[in-house]
Amino acid sequence: MEIFKDIIPINKWFDNISEYPIIIAGPCSAETEEQVLRTAIELEHTHKVNIFRAGVWKPRTRPGTFEGVGEKGLEWLNRVKEETNLLVAIEVATPEHVAIALKYNIDVFWIGARTTSNPFSMQELAKSLVGVDIPVLVKNPINPDINLWIGAIERLYNAGIRKLAAVHRGFYPFEKTQMRNIPKWEIPIEFKTKFHNFPILCDPSHITGKKELIQEVSQKALDLNFNGLMIESHCNPKEALSDAAQQLTPKEFNLLIDNLVFRKTISYNSNFVSKLEPLREQIDSIDHQLLELLSQRMNIVEEIGEYKSKNEVTILQLRRWEKIIKTRISAGINLGLSEDFVKKLLQLIHKESIQKQTEVMNKK
Ligand code: PEP
Ligand code: MN
C-alpha cells in the first residue's frame, strides 16, 4: 500500500536514538514526584533506555480507582528531562490532553488501546494534532481488528503526522488465559507484511500482565523483528497504584535486557545462506505436497457429500468425527506434533469439509 511510504523511521526521530531496538521504559503511572524522578534516574543508570514513559491520565475500567495525577505529573516529567538525558512519553486520549501536554514539551505521545478502538476519539485527536511535529505511538485496539488499528493510524497520518509507530500490546481475552492480553502474533505479523517499513514496537508488560512472563514475550518480539520494546518499570512496584503485578524494578529491567538475545534480521554470511537455501527448498516442496493432499482430500469429501445427499444422511457424523480427532491426535503426538496444533488443524479442515458438503447438499 502506498499510504505509509513516507513514514519517518524511529532512528530519525531524535538525535540520541540511532540504534534498534529502541527501548521505552517507565512506570505505568506517574504517582509522586519522588517516584517519577527516582525511577527515571535508576533507569537512566542502566544505559538501556531511550524514552521514559509515565501515564498521567489513566484509562481505568471502573471509576473511583486511581485515574492519574494529571497536569502536575507533566511538571515532574519536565524535571526528568532536566535531570537525565531521557526523552519523555505520555498517553493522550483527548484533544485537551494534547493541548496541555504540548505546553510541557513532552517528546512523544502514545495512544492507548481503548482510544485506538474508537474512531470518533481518533478523529478528534488527529484534528488536534494538525500542524504538530510530534512522534505518536498507536497501541493496537482492545479487539483483534487489524483494520481498526490501521484506520486509527491513518487518521493521524492524514492529519500530517509522519513520525508514527504501532505498539502491539495484545488483545482482550474472552476466556481466562495465562496472559492478561492474548498476543495473537499473527496480527502484528500481518501488519508488518502490509507495511514493511512501518515501525512496530511491542509492549510485553500489558500483554503478559505479570513480570515473570515479560522476558519470554520480549524475546519473541525481537525474534519477529520488532523495532523496540515498551516495558513498565517502577522504583517500588509493590506499592504501585496501577498495574503492580507487571512492573519491574529498574534492576530487574536491567537484567531482563541483559538476558535478551539480539539477533540480526539477515545474515549475508555465505555459509549461512548456502545452508538455508536448500532447507527452504525442502519447505517449498513440502508445502506444495500438503496443498496437493488437501485438494485430494476435499475431492473425496465432495464425493462423500454426494453419497450422503443421495441417501439422505446428515453431514455431521459425530462418531466418525470423534474418531478422526482421537486417532489423528495420537498419530500426531507420535510424530512429535503438539496436540493443540493437530486439533486446530483438523478443526479447520473439518470446517472446510462441512462447508463443501453443505454446498453439495444445497445443490440438490
Ligand atoms: C499503559 O500503557 O499504561 C496503558 C494503559 O496501556 P494500554 O492502553 O495498552 O492498556
Ligand atoms: Mn499500565
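The values are calculated or read from the model by the stated rules, or taken from the named source; none is laboratory data. Since the model is a prediction, treat every value here as computed from it, not as a measurement. Cβ coordinates were reconstructed from backbone atoms using ideal geometry, including for glycine residues, and neighbour counts include every protein chain displayed.
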remark   = Filter the stretch 1-58 for residues that are within 16 Å of ligand 2 (Cβ to nearest atom) and assigned to a loop (DSSP other than H, G, I, E, B); the one that is surrounded by the fewest Cβ atoms within 10 Å (Cβ to Cβ) is Lys58
note = In the stretch 172-201, residues that are within 16 Å of ligand 2 (Cβ to nearest atom), of a type outside the set (Ser, Thr, Tyr) and farther than 17 Å from Glu91 by Cβ total 2
key: Selection within the stretch 166-176 - within 16 Å of ligand 1 (Cβ to nearest atom), assigned to a loop (DSSP other than H, G, I, E, B) and on the phi < 0 side of the Ramachandran plot   = Arg169, Tyr172, Pro173
task = Looking only at the stretch 180-193, decide whether some residue is at pLDDT below 95 and among the aromatic types (Phe, Trp, Tyr).
result = no
ask   = Which of the residues spanning the stretch 59-74 are away from ligand 2 (no atom under 16 Å from the Cβ) and either part of a loop (DSSP other than H, G, I, E, B) or touching a Ser or Thr at 6+ places or on another chain (Cβ under 9 Å) (or both)?
value = Pro63, Gly64, Gly70
ask   = Filtering the stretch 227-252 down to residues that are under 30 Å from Ser18 (Cβ atoms) and among the hydrophobic types (A, V, I, L, M, F, W, C), which residue is farthest from ligand 1 (Cβ to nearest atom)?
value = Cys235
message = With the requirement that a residue be of a type in the set (Gly, Ala, Ser) and more than 15 Å from ligand 1 (Cβ to nearest atom), what does the stretch 202-219 give you?
response = Ser218
query = Looking at the stretch 269-278, is at least one residue exposed (fewer than 15 other Cβ atoms within 10 Å of the Cβ) and either closer than 30 Å to Val56 by Cα or aliphatic (A, V, I, L, M) (or both)?
reply = yes
request  = Test Gly112 against the criterion of being within 15 Å of ligand 1 (Cβ to nearest atom), touching an Asp or Glu at 6+ places or on another chain (Cβ under 7 Å) and of a type outside the set (Phe, Trp, Tyr), and give yes or no.
outcome  = yes
task = Look at Leu137 and say whether it is closer than 17 Å to Asn118 by Cα, buried (at least 21 other Cβ atoms within 10 Å of the Cβ) and among the aliphatic types (A, V, I, L, M).
result = yes
Condition check for Ser128: of a type in the set (S, T, N, Q), within 16 Å of ligand 1 (Cβ to nearest atom) and farther than 23 Å from Lys194 by Cα = no
ask   = Which one of these is over 30 Å from Gln35 (Cα atoms), away from ligand 1 (no atom under 16 Å from the Cβ), within 19 Å of the chain's Cα centre (by Cα) and buried (at least 18 other Cβ atoms within 10 Å of the Cβ): Pro188, Pro199?
value = Pro199
task = Would you be able to say whether some residue in the stretch 96-103 is in contact with a Ser or Thr (Cβ under 8 Å, 6 or more places away or on another chain) and either outside the structural domain of Ile146 (by TED's automatic domain parsing) or buried (at least 20 other Cβ atoms within 10 Å of the Cβ) (or both)?
result = yes
query = Considering only the stretch 286-330, how many residues are on the phi > 0 side of the Ramachandran plot and in contact with a Ser or Thr (Cβ under 8 Å, 6 or more places away or on another chain)?
reply = 0
